[in-house]
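The values are calculated or read from the model by the stated rules, or taken from the named source; none is laboratory data. Everything numeric here is computed off the predicted structure, so don't read it as measured data. Virtual Cβ from ideal backbone geometry, glycine too; neighbours counted across all protein chains shown.
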Amino acid sequence: FTKEGVWKNPILLKILSQQPVETEEVNKLIAQEGPSFLQMRIKHLLKSNCIPQATALSKLCAESKELAQVSCFQQAYITCLCSMLPSEEAIQEIAKVDCKDVLDIICNLESEGQDNTAFVLCTTYLTQQLQTASVYCSWELTLFWSKLQRRIDPSLETFLERCRQFGVIAKTQQHLFCLIRVIQTEAQDAGIGVSILLCVRALQLRSSEDEEMKASVCKTISCLLPEDLEVRRACQLTEFLIEPSLDGFNMLEELYLQPDQKFDEENAPVPNSLRCELLLALKAHWPFDPEFWDWKTLKRHCHQLLGQEASDSDDDLSGYEMSINDTDVLESFLSDYDDGKEDK
């Protein structure tokens, strides 16, 4: 920009030079130029790669009460911030924006063909959410990110690695569930390993989230590894110990009455090291270790948890048919889980 022609306004020059300006001066400039002309100025500055100047002008316009109803200035300001990343100041400014506003801006950027900027914004905001344990609009944000990530880089390997990295920094089980859900949508069987890794992470989290969450993780694992009897037994036992019930005992007994299986490491959907880590994460929630117990011994302990009434009802505690082998069950469960969390 120059000090000549349409850029010679002294208030405008102060703003573009990043000098302090009074609110009255900003209001005067807005009254003189109007929203449309100011928007044209910002677009020109961006096109000319004058990022600091575009940032200064769009920020003042976005924060002005005179332009509170004009959303394009906030989008312009956020776009400027995205071009300044990985600046810590830009990250903090983006984090201040309401998540619903961010989602609207992402949609607008996509419709304008600015997929890269939309992706940068979405990734930055989601990263902040994961690090701060904010779950506001977490599912929508994760879904947007997954679609943009796959569009910009179709590599499934890259997508799964990004999900794994997000899982490492996630501080809530809800965020981990969102990641597992997009993995199952985008990668299906190829994503089982990363999904199990995120389940292990969810089991290891020591947060204020309720016991129902842990049970949900166990159900998810059982759906992901329906052919692994030992893992399914461990998941069901964990669920039962979290909330003892006759139905839970019935399911546990059905699993323990099935013939033991030898683990087929060569054809397993996850590496043995990850499987061992998973079993250890489940066992960490048990008040005892039944590794060398037979079913009769474990059954007696379960009856103690249920009380004498359950102990007298052995004949009724059978016949529950498992039905968690279908991959549709996993999608349905994760969908119901996310919907339930959004309602709370």
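So here's what we get for this one:
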quantity: Leading residue by the ranking (surrounded by the most Cβ atoms within 10 Å (Cβ to Cβ)) among those in segment 119-164 that are out of contact with any Leu (no Cβ under 7 Å at 6 or more places or on another chain) and in a loop (DSSP other than H, G, I, E, B); calculated: Val135
quantity: Set Leu252, Leu225, Leu198, Leu229: member being surrounded by 14 or more Cβ atoms within 10 Å (Cβ to Cβ), at pLDDT 95 or above and over 19 Å from Trp286 (Cβ atoms); calculated: Leu198
quantity: Residue list for segment 174-213, filter: touching an Asp or Glu at 6+ places or on another chain (Cβ under 7 Å) and polar (S, T, N, Q); calculated: Gln184
quantity: Tabulated pairs, segment 177-189, first buried (at least 23 other Cβ atoms within 10 Å of the Cβ), second at pLDDT below 95, C-beta under 7 angstrom, 6+ apart or interchain; calculated: Phe177/Leu334; Phe177/Tyr337; Phe177/Asp338; Cys178/Asp338; Ile180/Leu334; Arg181/Leu334; Arg181/Asp338
quantity: Complete set of residues in segment 162-205 that are in contact with a helix residue (DSSP H, G or I) (Cβ under 8 Å, 6 or more places away or on another chain) and acidic (Asp, Glu); calculated: Glu186
